Amino acid sequence: MRAVVGIALGLAIALSAGACATEQPGTLPAATAALGAADVKSIEYSGSGKWFQFGQAPGPTLPWPAFDVSAFTATINYDAPAARVQMTRIQVVEPDRARPAPVQQKPVQVVSGTFAWNMAPPPGSAPDTPPAPQPQPAAVEERTMEIWTTPHGFLKAAAANNATSQPAEGGSEVTFTTDGGKHKYVGRINAQNQVERVQTWIDNPVLGDTPIVISYADYRDFNGVLFPGKIVRTQGGYPVLDITVSSVTKNAAAAVDVPNEVRSFSPPPVNVTAEKLADGVFYMKGGGHHSVAIDQRDHIVVVEGPLDEARSTAVIAKVKETIPNKPIKYLVNTHAHFDHSGGLRTYVAEGATIVTHEMNKPYYEQAWAAPRTINPDKLAQASRPATFETFTDKHTLTDGHRIIDVYKIAGSGHNDAFAMVYLPTEKILIEVDAWAPVAANAPPPQGPPSPFAVNLYDNIKRLNLDVKQIAALHGPRVATMADLQSAIGRAGTNPTH
Ligand SMILES: [Zn+2]
């Protein structure tokens, strides 16, 4: 079978200029000829539809939240290889979920060879600052996948990577790997010689080998090139993109120069600092996602394992330096958004029990059971089962001296399985994504207060918590209750009496 495909592929390449298809329908060479893959050096396609925010489901059993996309353009250079994707999008308002008013976003995402970057105003810059290249080295894998899963890209990559084929449903299933076997691609070619489905897998700290499935439908002739009119991509089981294509141009100019600041960029080392909030309570900062470490009698409790294994490894090292000779017995997780749960597995490998809302446990158990062949992490190597302590409304951890209360944040539009932590003796509240303080000297944010912050305040009041310090796990500083009251326009009110 393999030999036949190889001979036919040579024929397809030889005949592609004349588009003469004598190959058996539904095969890789027939599709290569029908789509003119050998002639296509670049593709630019535009359309509109929906985009969905991967890893940010508002509940552990819900799909990724939707954004309306009014304009979408992907420019793909197969020779470089390089790609630029730009869109205009705004989050879909869900009537039963209170979120801050959506703001239009215009992301521009680029990959060229082993470099990836976004065009965006620098973080923290003034409004109307012009976009500049922001290096995104961690995005290379995903953006490269986007090139080789397009119909023409898949056919080209299949030819370049010794694809194997087998008959399937009147067409064929074509399989190959790239990067020395690291990334596998499986495509379905139908009896009409169309690439109708491509599946691959990329690494994710929460989901492991994460399936990506792209479906292509409604092929038609766009100005001399056959291309699907409908593209739907799922990632981790739910849609991330749903585009109706309105125009396609082949072999348009698609040069992508790597900016010098991207080429010379090297990621800074992961930084962790420990700031004492009270005796035995440390705010573990550095970077955009913080944690809190609490020194109990014979163990340590860490609140939050954000981002990924690199962050967790650095936080754990700093925690052990700050609180020597004790094991990390508990890791308290605020919610399942991927930027707040991607580092959890490192704590499981460390021997910690995960404390999380009961809705999250089955989600993590299922996610963590997935294969991790692309990027085996410490837990995959340790092969240790995760242990959980879960709760509905409240859970207390104590060493007989200090009390650590974990509360559900009820009724938040941000997440349905959402927790905050309160230390009643120290009067410290630990929360994230409900509210982030601004820098002490920064002007207060304009516009109506965030419903997430109002909801946090209402929960503090409902639970009658006496809060002196708020250790927000995003933001530049420890805040006070007065800061929160001021942020939601309720300065001068007292939440506890
Ligand atoms: Zn979140």
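Among the listed residues Asp377, Asp399, Asp393, identify the single one that is of a type in the set (D, E, K, R), open to solvent by 10 Å² or more (accessible area, probe 1.4 Å), at pLDDT 95 or above and within 25 Å of the chain's Cα centre (by Cα).
Asp377
Kindly evaluate Thr334 against the criterion of being farther than 17 Å from Val281 by Cβ, touching an Asp or Glu at 6+ places or on another chain (Cβ under 8 Å) and not aliphatic (A, V, I, L, M).
no
Condition check: open to solvent by 20 Å² or more (accessible area, probe 1.4 Å), among the aliphatic types (A, V, I, L, M) and away from the ligand (no atom under 16 Å from the Cβ). Does Ala369 satisfy that?
Answer is yes for this residue.
Looking at Ala382, Ala472, Ala487 in this structure, which one is at pLDDT below 95 and crowded, with 20+ Cβ neighbours inside 10 Å?
Ala487
With respect to the numbered conditions (1) away from the ligand (no atom under 16 Å from the Cβ); (2) open to solvent by less than 50 Å² (accessible area, probe 1.4 Å); (3) outside any loop (DSSP other than H, G, I, E, B), which one is the sole condition not fulfilled by Ile430?
Against the list (1) away from the ligand (no atom under 16 Å from the Cβ); (2) open to solvent by less than 50 Å² (accessible area, probe 1.4 Å); (3) outside any loop (DSSP other than H, G, I, E, B), Ile430 comes up short only on (1).
Considering only residues that are assigned to a loop (DSSP other than H, G, I, E, B) and within 11 Å of Thr334 (Cβ to Cβ), which ones fall in the range 393-411?
Answer for the range 393-411, where residues must be assigned to a loop (DSSP other than H, G, I, E, B) and within 11 Å of Thr334 (Cβ to Cβ): just Ile409.
Please enumerate the residues belonging to the range 445-486 that are touching a residue at least 40 places away in the same chain (Cβ under 8 Å), in contact with a helix residue (DSSP H, G or I) (Cβ under 8 Å, 6 or more places away or on another chain) and assigned to a helix (DSSP H, G or I).
Leu456, Leu484
Got a sec? Which strands (runs of 3 or more DSSP E) wholly within the range 149-244 have at least 2 residues that are at positive phi?
Passing ranges, in order: 208-222.
Among the small types (Gly, Ala, Ser) and open to solvent by 50 Å² or more (accessible area, probe 1.4 Å): does that describe Gly170?
In short, yes.
Of all residues being part of a strand (DSSP E or B) and touching a Lys or Arg at 6+ places or on another chain (Cβ under 9 Å) in the range 19-46, which is farthest from Thr249 (Cα to Cα)? Just the residue, please.
Ser42
Are any of the residues in the range 103-116 more than 29 Å from Gly413 (Cα to Cα) and assigned to a helix (DSSP H, G or I)?
No, because not a single residue in the range 103-116 is more than 29 Å from Gly413 (Cα to Cα) and assigned to a helix (DSSP H, G or I).
Pick out the one residue from Pro151, Pro205, Pro167 that is within 30 Å of Glu261 (Cβ to Cβ) and either in contact with a Pro (Cβ under 6 Å, 6 or more places away or on another chain) or modelled with pLDDT of 95 or more (or both).
Numbers: Pro151 fails: within 30 Å of Glu261 (Cβ to Cβ); Pro167 fails: within 30 Å of Glu261 (Cβ to Cβ).
Of the residues listed, the single one that is within 30 Å of Glu261 (Cβ to Cβ) and either in contact with a Pro (Cβ under 6 Å, 6 or more places away or on another chain) or modelled with pLDDT of 95 or more (or both) is Pro205.
Taking Gly288 as the residue in question, decide whether it is within 16 Å of the ligand (Cβ to nearest atom) and buried (at least 21 other Cβ atoms within 10 Å of the Cβ).
Against the criterion (within 16 Å of the ligand (Cβ to nearest atom) and buried (at least 21 other Cβ atoms within 10 Å of the Cβ)), Gly288 does not qualify.
Select, from Thr177, Thr210, the only residue that is surrounded by fewer than 22 Cβ atoms within 10 Å (Cβ to Cβ), over 20 Å from Trp51 (Cβ atoms) and among the β-branched types (Val, Ile, Thr).
Thr177
Would you confirm whether any residue within the range 72-87 is within 16 Å of Phe52 (Cα to Cα), in a strand (DSSP E or B), of a type outside the set (S, T, N, Q) and open to solvent by 60 Å² or more (accessible area, probe 1.4 Å)?
No: the range 72-87 contains no residue that is within 16 Å of Phe52 (Cα to Cα), in a strand (DSSP E or B), of a type outside the set (S, T, N, Q) and open to solvent by 60 Å² or more (accessible area, probe 1.4 Å).
Assess whether Asp308 counts as being farther than 14 Å from Thr387 by Cβ, at pLDDT 95 or above, in contact with a Pro (Cβ under 6 Å, 6 or more places away or on another chain) and open to solvent by 10 Å² or more (accessible area, probe 1.4 Å).
Here the answer is yes, as Asp308 does meet what is asked.
Exactly one condition in (1) under 25 Å from Ile243 (Cβ atoms); (2) surrounded by 12 or more Cβ atoms within 10 Å (Cβ to Cβ); (3) in contact with a strand residue (DSSP E or B) (Cβ under 7 Å, 6 or more places away or on another chain) is false for Pro122; which is it?
(1)
Report, by residue number, each residue of the range 330-356 that is away from the ligand (no atom under 16 Å from the Cβ), under 21 Å from Thr392 (Cα atoms) and outside any loop (DSSP other than H, G, I, E, B). Break it down stepwise before answering.
Let us first name the residues in the range 330-356 that are away from the ligand (no atom under 16 Å from the Cβ), namely 330-331, 345-355.
Next cut, under 21 Å from Thr392 (Cα atoms) only: 330-331, 352-355.
Those that are away from the ligand (no atom under 16 Å from the Cβ), under 21 Å from Thr392 (Cα atoms) and outside any loop (DSSP other than H, G, I, E, B): Tyr330, Leu331, Thr353, Ile354, Val355.
Rundown of residues vs (1) open to solvent by less than 40 Å² (accessible area, probe 1.4 Å); (2) within 16 Å of the ligand (Cβ to nearest atom), yes/no style:
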{"position": "Ile404", "(1), (2)": "yes, no"}
{"position": "Ser412", "(1), (2)": "yes, yes"}
{"position": "Pro443", "(1), (2)": "no, no"}
{"position": "Pro449", "(1), (2)": "no, no"}
{"position": "Asn464", "(1), (2)": "no, no"}
{"position": "Ala491", "(1), (2)": "no, no"}
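Among the residues of the range 376-392, is any touching a Phe, Trp or Tyr at 6+ places or on another chain (Cβ under 6 Å), away from the ligand (no atom under 16 Å from the Cβ) and part of a helix (DSSP H, G or I)?
No; the residues of the range 376-392 include none that is touching a Phe, Trp or Tyr at 6+ places or on another chain (Cβ under 6 Å), away from the ligand (no atom under 16 Å from the Cβ) and part of a helix (DSSP H, G or I).
Going through the range 262-286 one residue at a time, which ones are out of contact with any helix residue (DSSP H, G or I) (no Cβ under 8 Å at 6 or more places or on another chain) and in a strand (DSSP E or B)?
Glu275, Lys276, Leu277, Ala278, Val281, Tyr283, Lys285
How many residues, within the range 135-167, are crowded, with 18+ Cβ neighbours inside 10 Å and of a type outside the set (D, E, K, R)?
Here the count works out to 18.
The values are calculated or read from the model by the stated rules, or taken from the named source; none is laboratory data. If you're wondering where the values come from, they're calculated on a predicted model, not measured in any experiment. Because the Cβ atoms are built from the backbone with ideal geometry, glycine has one as well, and the counts that use them run over all protein chains shown. The area values use the complete protein model at the heavy-atom level, side chains included, leaving out ligands, DNA and RNA. Shrake-Rupley method; radii C 1.70, N 1.55, O 1.52, S 1.80 Å.
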